[in-house]
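Just below is one structure, and these are the notes that go with it.
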Amino acid sequence: MLALVILVTVHEFGHYIFARIFGVKVTRFYLFFNPWFSILRYDPMKGTLEFMARGERKDGTWPKPLATWQVGKPHAPRPDGKPTWRDTIYGLGWLPLGGYCAIAGMVDETQDSSKLAAEPQDWELRSKPAWQRLCVMAAGVVLNFVLAICIYIGIAFHWGDDVVAFQDMSEGMNFCPELKEAGFRDGDILQTLNGKPLEAADYSAGWDMLQPGARVGVLRDGSPVEVTVPDEVICALVAQGKDAQPMTVRVPVVVGKTAAGGNAAKAGLQQFDRIISVDTASTRTIDVFLAALTSRKGETVPLGIVRGDSTLSIPVEISDGGKIGIQMLNPLDIFDRTRIEYSFFESIPRGWEIGTSQLSNYVSSLGLVFTKEGAQSLGGFATLGDLFPTKWNWMSFWQITAFLSIILAFMNIIPIPALDGGYILFLLVEIVTRRKPSDRFLEIANTIGFFFLLALLFYANGNDLYRIFLK
């Protein structure tokens, strides 16, 4: 919810601030929608703050709110008629599907052309030049992208990059069936992408490796091999939705610590011992090791141990539950880590690099929406909620918020009526043809666009419900 509040406020503030720069009156600025009533409504002209305030009646009167506080003195409009910030009513709605900034003289899905029958006023949007109207409509998208870049700059400056390079994952990766069919093998160590070494701090490398035609260089049993990713892989993975796991790291079995009085401690296992076999079965990775213990539970078997430069064989009793009493070492402490710190000025190009890379990846994936698999993977609010970790983490929160800001910016620039992109398209046509679309045309186009978006909203959230309750 906090991410939504930030994104919506920044987006609508973009429209608001540019409208005010060009002397356009803004009548409403709302976080969340307020059909029928508002949770809070602040009127600077009256100096009142209202709680549970209902909307205007058809006869122009206002019902009495549940509570009203006088938080400032009343003000009169400016004598010269120029709009000020006090001409805007600021509110908090109850329907958390976004927000809005109601701009005077603008036809949208909430205001029909009949309300604009009077002569245009100087403080209305429709009386402004096309380039100014274009700036007002594009400002929300621009500020969302700027917000994402600023967040990525802050992440780079505060946390830097602390990563394990693909080349340093000594046991390679385990691959999903789709990638195995493409030519990958479990244990392949990723080296290059399209002829260039994989960078440790490249946020988009995992996604780029799945693109149709991507050439991925791997080290297989000490020999270089190149695998070309076929077109159908990405569609198959998208169809799996959030459950897709293209590849996972093969983690060696290294003892972090032994349980006091446990079988491993009694046998003499020590911290940083690497277990490479259970009896005669090779167990170079954790998943294979756990399966081997389960298959020999209740027995005492020799474990192959690498300790320093020595290789040992130590008999260890496996419990009836398939345990020996050890805690694995954190994978980040097993592999060589690349720690990159950025000064404030170094974090600026890094933030720009991450933001533009994320935008590029998102745009390149948008075409998948028009495939059967992509349409089935569309999700609504539940899908967005799943992006955030169950345990609070500030770094994850800001990374996801920045990515959602990029999504919001791009989705709003799509030329669909009722979205910013629809208005921008009509304005560009007006600038090129020097003919302004009629208010009636804009009203009809926006109404159609609004119902299309409403249908898309129901479809996406319907997919969520289907996956939760039926699939």
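Numbers for the structure displayed
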quantity	calculated
Accessible area in square angstrom per residue, region 24-154, 1.4 angstrom probe	54
Whole-Hz ³J(HN,Hα) from phi, Karplus 6.51 cos²θ - 1.76 cosθ + 1.60, for region 409-421, glycine and proline x	4, 5, 4, 6, 8, 5, x, 10, x, 5, 9, 4, x
Distant-in-sequence amide H partners of residue 279 (H built 1.01 Å from N, under 5 Å)	303, 304
Whole-number D in µm²/s for region 272-353 (Stokes-Einstein; Kirkwood sum over Cα pairs; 20 °C, 1.002 mPa s)	140
Region 33-100: C-alpha gyration tensor shape, a/c 1.5 cut-off, then a/b vs b/c	prolate
Relative contact order (percent, whole number), the chain, Cα cutoff 8 Å, 6+ residue spacing	16
Rounded, prolate or oblate (a/c below 1.5 giving rounded, otherwise prolate when a/b exceeds b/c) for region 202-245 by Cα gyration tensor	prolate
Whole-Å distance, taken between Cα centres, linking region 151-185 and region 74-109	47
Global geometry of region 1-152, whether rounded, prolate or oblate, following the gyration tensor of its Cα atoms and the 1.5 cut on a/c	oblate
Probe 1.4 Å - accessible area at residue 332, Å² to nearest ten	80
Mean residue ellipticity (222 nm) of the chain, computed from DSSP H runs ≥ 4 via -39,500 (n - 2.57), nearest 500	-12500 deg cm²/dmol
Segment residue 186-residue 274, extension gain: residue separation times 0.36 nm, minus the distance between their alpha carbons	29.7 nm
Interchain or long-range residues, amide H under 5 Å from residue 32's placed H	93, 98, 99, 100
Potential lengthening between residue 344 and residue 2 on full extension [0.36 nm per residue; Cα-Cα distance subtracted]	120.5 nm
Heavy atoms of residue 168 accessible to a 1.4 Å probe, total area in Å² rounded to 10	60
Accessible area of region 118-214 belonging to carbon and sulfur atoms, whole % at 1.4 Å probe	58
Label-point gap, in nm, between residue 440 and residue 62 - each point 7 angstrom along Cα→Cβ	3.4
Two-site FRET efficiency, residue 9 against residue 130, from Cβ-Cβ distance with R₀ of 30 Å, rounded to 0.05	0.65
Protein accessible area in region 1-86, 1.4 Å probe - carbon and sulfur %	65
Estimated distance in nm for a label pair at residue 95 and residue 363, the labels positioned 7 Å out from Cα along Cα-to-Cβ	3.3
Computed over the chain, Kirkwood Rh from alpha-carbon pairs, angstrom	26.9
Cα principal axis extents for region 67-179, largest first, Å	75, 36, 28
Region 123-277 - convex hull of the alpha-carbon atoms, volume per residue in Å³	239
Under Karplus coefficients 6.51, -1.76 and 1.60, residue-wise ³J(HN,Hα) of region 203-208 in Hz, glycine/proline x	4, 9, 4, x, 6, 4
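The values are calculated or read from the model by the stated rules, or taken from the named source; none is laboratory data. The model shown is predicted, which means the values in this text are computed figures rather than measured ones. Note that we place each Cβ from the backbone using ideal geometry, even for glycine, and neighbour counts take in every protein chain shown. For the accessible areas, the whole protein counts, side chains as well, though only heavy atoms, and no ligand, DNA or RNA atoms are used. Shrake-Rupley method; radii C 1.70, N 1.55, O 1.52, S 1.80 Å.
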